[in-house]
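Structure first, then comments.
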């Protein structure tokens, strides 16, 4: 059996290299933790924006065939034979407020066009307008939850 | 009376003059403008403010048409914008209910407020233009080539910081133009793959342009971006000196007057 010198076979990490690597590694890891901490700090934790659940008056106030625009809430209340729907009037292209037109909706910013159900008929919009969940609040008013999206064509029967 | 007592206790007036002279020499260490080349060199590179400019420059780079002074103009605009910006901060504050009114007050009620605001606004527009022209000049004169590649990269960073300052400042008047421009601008950011949507939320502090967005843009505009810009501006100037001043042909390469090579 050949005798080998175990110490000589160790790969070339001497004490100095090891300690340097350890030190730099420690600095690197702490920098990473600090960076992640700072990013997490900046991540919005509390939503101070406008409330997502809004009340929109009693169902009886809306006549059939009406498109009632709630400008501040950026939503339009639609009532037809099938019931009530709440369609977003925030353009899906770059977030401008769309206006109502004879054919449906039209965006003043870059000319996106939508039909009455919010489907794209022209312009750069990548997807249909959002439909929000409509329900009846305990006090009998229509309640729209803008955080819950429903498939286009989903009407709520009051 | 004898001379020795006078020397031991100089008259108070002389001591005051000596003290004043001492302070003067502490401030102006080289006296009047030195007349010899060595003295002039020392005076320049021992002064923080003068040493931005090299002691000796190539005759070539003194030609105004070579640089059009665009870098100096951009720097001057940055200083003007810093000064007017700090002054505007005395009246403006980033509140969704107050910001627009404060902007209107600056325009109509505050003495010289309209001057400061307009200088800040037009200076900002001009700075973006001048920085882009400066970059074009550097490109067309080949000044991005070795050994100046590093400074070209610093310059790109400075351009991005300038654009960032321009974008964040645009929201602060809090009028319709500002609101919709930032709505559209941050929506564009949101289209970036993977990082887009979180970046948009980071910028806005929420999902819509509101109070949170105003504060975030304000802090970016008055502290973070100008701070970063100042640091990299210092690096930029330092590199110009270290890379041998403005780009210029080797002196041997300059064709003789009135003839080609």
So for chain B, using the alpha carbon gyration tensor with a ≥ b ≥ c as root eigenvalues (a/c under 1.5 gives rounded; past that, a/b versus b/c decides prolate or oblate), I'd call it oblate
With label points set 7 Å from each Cα along the Cα-to-Cβ direction at residue A:71 and residue A:149, the distance between them in nm comes to 2.7
If one builds a Gaussian network model of chain B from Cα atoms under 10 Å apart, the most fluctuating residue listed among B:29, B:201, B:102 is B:29
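Averaged over its residues, how many other protein chain Cβ atoms are within 10 Å of peptide A:90-103's Cβ atoms?
Values: counts 3, 3, 1, 4, 9, 13, 4, 2, 0, 0, 0, 0, 0, 0.
Per-residue shielding by partner chains comes out at 3.
If packing is taken as the average count of other Cβ atoms within 10 Å, what order do A:68-80, A:45-57 fall into, highest mean first? All intermediate terms of the calculation are to be shown ahead of the outcome.
Values: A:68-80: 17.2, A:45-57: 13.7.
Ranked by mean Cβ neighbours within 10 Å, highest first: A:68-80, A:45-57.
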For chain A, longest principal axis from Cα atoms; helix A:15-42 axis from its Cα atoms; angle between them, nearest 10 degrees, is 10
Going fewest to most other Cβ atoms within 10 Å around each Cβ, B:122, A:131 line up as B:122, A:131
Note on the protein assembly as shown: alpha-carbon gyration tensor, axes a ≥ b ≥ c; rule is a/c under 1.5 for rounded, else prolate if a/b larger than b/c, else oblate; result prolate
Cα-based Rg/(2.2 N^0.38 Å) for segment B:89-228, rounded to two decimals, is 1.20
Length-normalised contact order of chain B, Cα under 8 Å, at least 6 apart, in percent, tallies to 20
Ranked output for segments A:142-155, B:174-187 by mean other Cβ atoms within 10 Å, highest leading, reads B:174-187, A:142-155
With Cα coordinates, the longest principal axis of chain B makes an angle with the long axis of helix B:225-242, in degrees rounded to 10, of 40
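Kindly state, to the nearest 0.05, the FRET efficiency for residue B:41 paired with residue B:176, given R0 = 56 Å and r defined as their beta-carbon distance. Don't skip to the end; give the middle numbers.
Values: r = 57 Å, r/R0 = 1.02.
Computed FRET efficiency for residue B:41 and residue B:176 comes out at 0.45.
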In a Gaussian network model of chain B with springs linking alpha carbons closer than 10 Å, the residue among B:28, B:78, B:112 that fluctuates most is B:28
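Please give the average number of partner chain Cβ atoms lying within 10 Å of the Cβ of each residue in B:203-216, rounded to a whole number. Before the final figure, lay out each step's value.
Values: counts 2, 2, 8, 6, 8, 6, 2, 4, 2, 5, 3, 0, 1, 2.
Mean partner shielding for this stretch: 4.
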Within 10 Å of the Cβ of an average residue in A:42-50, the count of other chain Cβ atoms is 6
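Roughly how compact is segment B:127-172, stated as its Cα Rg over 2.2 N^0.38 Å to two decimals?
Values: Rg = 12.1 Å, N = 46, 2.2 N^0.38 = 9.4 Å.
That ratio works out to 1.29.
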Placing each pseudo-label 7 Å from Cα in the direction of the beta carbon, residue B:97 and residue B:194 end up separated by a distance in nanometres of 4.3
Here the gain from full extension of residue B:26 to residue B:104, 0.36 nm per residue of separation minus their alpha-carbon distance, amounts to 23.3 nm
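At R0 = 45 Å, how high is the FRET efficiency between residue B:215 and residue A:101 if r is their beta carbon distance? Nearest 0.05 is fine. Can you show the working numbers first?
Working: r = 36 Å, r/R0 = 0.81.
Taking R0 as 45 Å, the efficiency between residue B:215 and residue A:101 is 0.80.
Taking 8 Å as the Cα distance limit and 6 or more residues as the minimum spacing, I'd like the relative contact order of segment A:60-158 as a percentage.
On the way: 206 pairs, mean separation 20.6, N = 99.
That works out to 21 percent.
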If the chain between residue B:223 and residue B:145 were fully extended at 0.36 nm per residue, the gain over the current Cα-Cα distance would be 24.8 nm
Per the rule of 0.36 nm per residue minus the C-alpha distance, extending residue B:235 to residue B:111 adds in nm 40.9 nm
Mean-square fluctuation maximum in Gaussian network of chain B, Cα pairs under 10 Å, restricted to B:48, B:220, B:126, hits B:48
Counted neighbours (other Cβ, 10 Å), sorted fewest up, put B:209, B:110 in the order B:110, B:209
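Bear in mind that the values in this text are calculations on the coordinates, not laboratory data. Just so it is clear, the structure is predicted and the values come from calculations on it, not from any experiment. Every residue, glycine as well, gets a Cβ built from its backbone with ideal geometry; the counts of neighbours run over all protein chains shown.
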